Protein chains: 4
Amino acid sequence: MIIVIQCTDRVGLVAAISGLLARQNYNIVSMQEHVDNNEKLFFMRLEVDKANGATELEELLVDLLPYGAVVKVNPVAQKKIIVLVTKEYHCLADILIRNYFNTLGAAVQCVIGNHATLSDICRRFDIPFYEVQAGNDKAGFEEKLINIIQQYGFDYLVLAKFMRILSPDFVWRFPMQIINIHHSFLPAFAGASPYRQAYERGVKLIGATAHYVTNELDEGPIIAQQIIPANHSLTVEDMVKAGKEIETAVLAKALKLVLDDRVFVYKNKTVVLE
Amino acid sequence: MIIVIQCTDRVGLVAAISGLLARQNYNIVSMQEHVDNNEKLFFMRLEVDKANGATELEELLVDLLPYGAVVKVNPVAQKKIIVLVTKEYHCLADILIRNYFNTLGAAVQCVIGNHATLSDICRRFDIPFYEVQAGNDKAGFEEKLINIIQQYGFDYLVLAKFMRILSPDFVWRFPMQIINIHHSFLPAFAGASPYRQAYERGVKLIGATAHYVTNELDEGPIIAQQIIPANHSLTVEDMVKAGKEIETAVLAKALKLVLDDRVFVYKNKTVVLE
Amino acid sequence: MIIVIQCTDRVGLVAAISGLLARQNYNIVSMQEHVDNNEKLFFMRLEVDKANGATELEELLVDLLPYGAVVKVNPVAQKKIIVLVTKEYHCLADILIRNYFNTLGAAVQCVIGNHATLSDICRRFDIPFYEVQAGNDKAGFEEKLINIIQQYGFDYLVLAKFMRILSPDFVWRFPMQIINIHHSFLPAFAGASPYRQAYERGVKLIGATAHYVTNELDEGPIIAQQIIPANHSLTVEDMVKAGKEIETAVLAKALKLVLDDRVFVYKNKTVVLE
Amino acid sequence: MIIVIQCTDRVGLVAAISGLLARQNYNIVSMQEHVDNNEKLFFMRLEVDKANGATELEELLVDLLPYGAVVKVNPVAQKKIIVLVTKEYHCLADILIRNYFNTLGAAVQCVIGNHATLSDICRRFDIPFYEVQAGNDKAGFEEKLINIIQQYGFDYLVLAKFMRILSPDFVWRFPMQIINIHHSFLPAFAGASPYRQAYERGVKLIGATAHYVTNELDEGPIIAQQIIPANHSLTVEDMVKAGKEIETAVLAKALKLVLDDRVFVYKNKTVVLE
């Protein structure tokens, strides 16, 4: 059973929580905690060795903890995700493979593309694919997206190289539920064509960043990021190609962390309890 | 105040320890723990915000914990180290610099070399340097070492590119107190000339390993290790040169971890609570 | 057009080769060379901007270069590979995906497994899958393998987590044509259960190595290798899981290098001209 | 003997250069070249095995190459550097150590600080130290700097955590001769307090960048950069501390590349021929 807690910090929280668990005969398998001393915030993730009793435990913990505590015991175990794509295959293919072999930690409900390019790979894995063309009518486009995603339900929307900017009207409905992979080490090279920007600036490393989507473009809380070395010998096209490997790896890592209930958000930042 | 605990694991240890600290009005600033479930061993490192009361707390904790628990409250704060060298300067110079600027976390008592090469750099930092030539009389050589180090006292002996093998007779006296930097990613290329071995094997990475010295050559518990990429263009000499940077970094990191009381040893392995 | 050259070194080789190309009106797009000064060996890889005239150029170069030079102009462009697997999917799936999207640099002819586990994923990509059970009759098993692979033809056999050791009788037929991914940073932890070995030794990094297969187990020329950090918190199972990501990445990189004609072999080592 | 060439690209340059060297009986020990196909620029670095004849060879090469070629044969071998600092010791100490052990590739002439903090460490290495306080009179301050540096002469000015911005009036006099270490992975977090910016943005990696100083703050050509992982557990102060290690390493690497005549500059970017 997984327990995640986010609340105001106060002296004795670890003792109070671990005492409650001991009295209720839960054995702690693993425990990670973090305190932000500036903000007086407490974060904790626990794994305990009993599988039942979730409802009562949640109530007991809420009673025990400071007012306003967010406590989840056994957060949705088999989560649902929906993937949005454009034409590039690498992130989607990685997700489909993990989904097929049951190592993703979520079930892919469907894939939506604003091009038909990736339709066949979805068909091969028996995953429904919807082509929704993104014309000039953004409101209409997003309404179509919403119709599809509501039909399935989901815990997270994954933008796996989806090359359209979603409007605030869309984003505000799904706070901290939309995860994007951006092809630069943010905050460097936000916005369009990050590899071209990187090429022109002559950087010696290129990177990728997985982050939650907020209404500020490429400004949402960062979940994971990574870089690889670069040098003068790489053209923009070479960077694009090399970058795909790292985009795939960073998105995979971010999804694993999120789906494992290891990511907490506050003040436009994340706490990742690994 | 730092608290380190190593004991048999049992249900409720975290609750018991954190409960005791709460009752005694200690606030936990940071806490890391690890359980080896195979061996049923529990490891914990805590920082609490009071500076006094160490003796009583140690007694209270020993009473609380399973029989045989090793508890240290406020382990030696300003530790003493003695450095053994041969001719290469890089690790020693890094230690001398950190010592001089008070960022080492220990006080260098003296340096012993089996060559005089590094005498002048020690003099420049007002650190006593002893040349002890290592001839054919190993027992005599080690007796001289022991005479010097006992004169100063020390918490750790650091072999900073000391190119002699110490005899079991020497090593057994200082269990987990001798730290060596070996110039390969152990267990690959133990023994002599690791860079030549690496060159001949044609590896694509070279590394360095800091470990405690035991009576099995290069087989002691590993504290830290790191690698850098290598390729066909490097000669043995190039590898030696490139390796110096990483040897310096790995030894510095290992010393920081050890001097910060973050390293626990069992079954010829380490638990490093960062 | 790609040109690869391996020969005895002598003064003026670069001038001779680049002079010949200039007289023949080839423009050099990229050129990498390496000289092993101990062995007096010269290695070069060139890309030139004409697509025809390969046969004549090869003859001209052989005439120009020291006796015994190996020269290949336009080495097989669309190479064929055959993949051998057991039960683990990660390396195979990565290869199938790249094959399907035409980014592998080779065409997968078929997959052979000594278990049926990975049959369905091959079927989904329309790649023939053969189950050949490896019982006690190794000679018979390898004869069946040879029957299948000869039916297709291939440039490289890829052991993508194929957990059987091929006999010298099999290996000698395909020198530098069999590529294996081993789940450790060789030469550390050769042979069986490298992650268990790594766990027991308590290393602080785990790795993967892609190498050519020779008759010495895990001793063939190394093509690529990489590591990720590890620590005490990882069980053997965690290492296995974390290792899969790096095994996939290292094998993909090695295949790219080999299929791109960037890997030269001599003295049980590789020169990789990137 | 080192030869560096930067010129307009045209067909046959490699053949022409290597042919000339062969006719003059120079043996090529190593050769790296790069062509920027967009800009039609050619860059080459050679090591040849004769030590004399530099002047004639330079003339022969200039005659041979396209108009406007920059050719340097045996660029200044023992270069001079002057180091500017404020209070942080780590980069300076690393430079002083390498200087003392003759592995820097340059001779430190003197150190100038706008605080006296680092005076004693310079004294210990017999390196002249000048304290020049930076008050409100920037022009006066820079005039004092210029007086000191002109007294010594130098090839490069190294800003080793010098926390003042030099005016355009100062910078334009020393184009591509001033090297700075900035404590972020540029272009992210240019300007003041990059670690605070990094902390507030919640990035998962922090970095350092060595670059030439131009009149655009932190916008000059990047020579080397590197990152280390970061996470929520690091305070700003922790980042500052962890960052020092990487700042030291990146500046050391950049200096080695520059002093080894491996860095070429064009279009606000560098080509680094390693």
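The values are calculated or read from the model by the stated rules, or taken from the named source; none is laboratory data. Every value quoted in this text rests on a predicted model; they were computed, and no experiment measured them. All Cβ positions, glycine included, derive from the backbone under ideal geometry; neighbour counts span all protein chains shown. For the accessible areas, the whole protein counts, side chains as well, though only heavy atoms, and no ligand, DNA or RNA atoms are used. Shrake-Rupley method; radii C 1.70, N 1.55, O 1.52, S 1.80 Å.
Quick rundown of the values:
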read-out	value
Any hit, the stretch A:34-47, residues being surrounded by 15 or more Cβ atoms within 10 Å (Cβ to Cβ), within 22 Å of B:ILE28 (Cβ to Cβ) and in contact with a helix residue (DSSP H, G or I) (Cβ under 6 Å, 6 or more places away or on another chain)	yes
C:ASN147 within 14 Å of another protein chain (Cβ to nearest Cβ) and free of Cβ contacts under 8 Å to residues at least 24 places away in the same chain	no
Long-range neighbours under 8 Å by Cβ, at least six apart or interchain, first residue under 13 Å from C:PRO187 (Cβ atoms) and facing chain C (nearest Cβ under 7 Å) within the stretch B:186-210, second of a type in the set (Lys, Arg) and buried (at least 16 other Cβ atoms within 10 Å of the Cβ)	B:PRO187/C:ARG201; B:ARG201/C:LYS269; B:GLY202/C:LYS269
The stretch D:17-33, subset touching a residue at least 40 places away in the same chain (Cβ under 8 Å) and open to solvent by 30 Å² or more (accessible area, probe 1.4 Å), residue farthest from A:GLY202 (Cα to Cα)	D:GLN32
Conditions (1) facing another protein chain (nearest Cβ under 8 Å); (2) of a type in the set (A, V, I, L, M); (3) under 29 Å from C:PHE141 (Cα atoms): number failed by C:MET176	(1)
Number of the exception - D:ALA249 against (1) at pLDDT below 95; (2) surrounded by 19 or more Cβ atoms within 10 Å (Cβ to Cβ)	(1)
Residue check for A:ALA116: at pLDDT 95 or above, more than 13 Å from every other protein chain (Cβ to nearest Cβ) and over 20 Å from A:LYS253 (Cα atoms)	yes
Output for the stretch C:237-269, where each listed residue is closer than 16 Å to C:PHE185 by Cα and within 11 Å of chain B (Cβ to nearest Cβ)	C:VAL250, C:LYS253, C:ALA254, C:LYS269
Given (1) touching a residue at least 60 places away in the same chain (Cβ under 8 Å); (2) under 30 Å from D:ALA139 (Cα atoms); (3) more than 16 Å from the chain's Cα centre (by Cα), number of the condition D:GLY243 does not satisfy	(2)
Test: residue in the stretch D:4-14 that is at negative phi, under 22 Å from the mean Cα position of the chain (by Cα) and open to solvent by 10 Å² or more (accessible area, probe 1.4 Å)	yes
Residue list for the stretch A:222-241, filter: of a type in the set (Gly, Ala, Ser) and in contact with a helix residue (DSSP H, G or I) (Cβ under 7 Å, 6 or more places away or on another chain)	A:ALA224, A:ALA230
Single condition C:LEU84 does not satisfy, out of (1) assigned to a strand (DSSP E or B); (2) within 13 Å of another protein chain (Cβ to nearest Cβ); (3) among the aliphatic types (A, V, I, L, M)	(2)
Output for the stretch B:128-153, where each listed residue is open to solvent by 40 Å² or more (accessible area, probe 1.4 Å) and either basic (Lys, Arg) or closer than 22 Å to B:LYS79 by Cα (or both)	B:PRO128, B:PHE129, B:TYR130, B:LYS138, B:LYS144, B:ASN147, B:GLN150, B:GLN151, B:TYR152
The stretch D:87-107 - residue that is hydroxyl-bearing (Ser, Thr, Tyr) and in a loop (DSSP other than H, G, I, E, B) and, of those, most open to solvent (accessible area, probe 1.4 Å)	D:THR103
Out of D:ALA22, D:ALA16, sole residue that is touching a Gly at 6+ places or on another chain (Cβ under 6 Å) and within 14 Å of chain C (Cβ to nearest Cβ)	D:ALA22
Test: residue in the stretch A:155-172 that is open to solvent by less than 50 Å² (accessible area, probe 1.4 Å), of a type outside the set (Ser, Thr, Tyr), part of a helix (DSSP H, G or I) and more than 14 Å from chain D (Cβ to nearest Cβ)	yes
Test: residue in the stretch A:252-264 that is open to solvent by less than 40 Å² (accessible area, probe 1.4 Å), touching a Cys at 6+ places or on another chain (Cβ under 9 Å), assigned by TED's automatic domain parsing to the domain that holds A:PHE170 and not basic (Lys, Arg)	yes
Flag if A:LYS79 is away from every other protein chain (no Cβ under 14 Å), open to solvent by 20 Å² or more (accessible area, probe 1.4 Å) and closer than 18 Å to A:VAL258 by Cβ	no
Within the stretch A:188-238, tally of residues that are open to solvent by less than 10 Å² (accessible area, probe 1.4 Å), closer than 23 Å to A:LEU257 by Cβ and assigned to a loop (DSSP other than H, G, I, E, B)	3
Residue in the stretch C:51-71 that is closer than 23 Å to D:ASP9 by Cα, open to solvent by 70 Å² or more (accessible area, probe 1.4 Å) and out of contact with any Gly (no Cβ under 9 Å at 6 or more places or on another chain) present	yes
Complete set of residues in the stretch D:33-58 that are more than 14 Å from chain A (Cβ to nearest Cβ) and not basic (Lys, Arg)	D:LEU46, D:GLU47, D:VAL48, D:ASP49, D:ALA51, D:ASN52, D:GLY53, D:ALA54, D:THR55, D:GLU56, D:LEU57, D:GLU58
In the stretch A:108-127, the residues that are in a helix (DSSP H, G or I) and either touching a strand residue (DSSP E or B) at 6+ places or on another chain (Cβ under 6 Å) or surrounded by 20 or more Cβ atoms within 10 Å (Cβ to Cβ) (or both)	A:SER119, A:ILE121, A:CYS122
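So that you can scan it fast, the table gives a plain yes or no per residue for (1) closer than 30 Å to D:ASP126 by Cβ; (2) at pLDDT below 95; (3) among the β-branched types (Val, Ile, Thr):
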{"site": "D:ILE2", "(1), (2), (3)": "yes, yes, yes"}
{"site": "D:GLN24", "(1), (2), (3)": "no, yes, no"}
{"site": "D:MET31", "(1), (2), (3)": "no, yes, no"}
{"site": "D:ASN37", "(1), (2), (3)": "no, yes, no"}
{"site": "D:LEU65", "(1), (2), (3)": "no, no, no"}
{"site": "D:PRO75", "(1), (2), (3)": "yes, yes, no"}
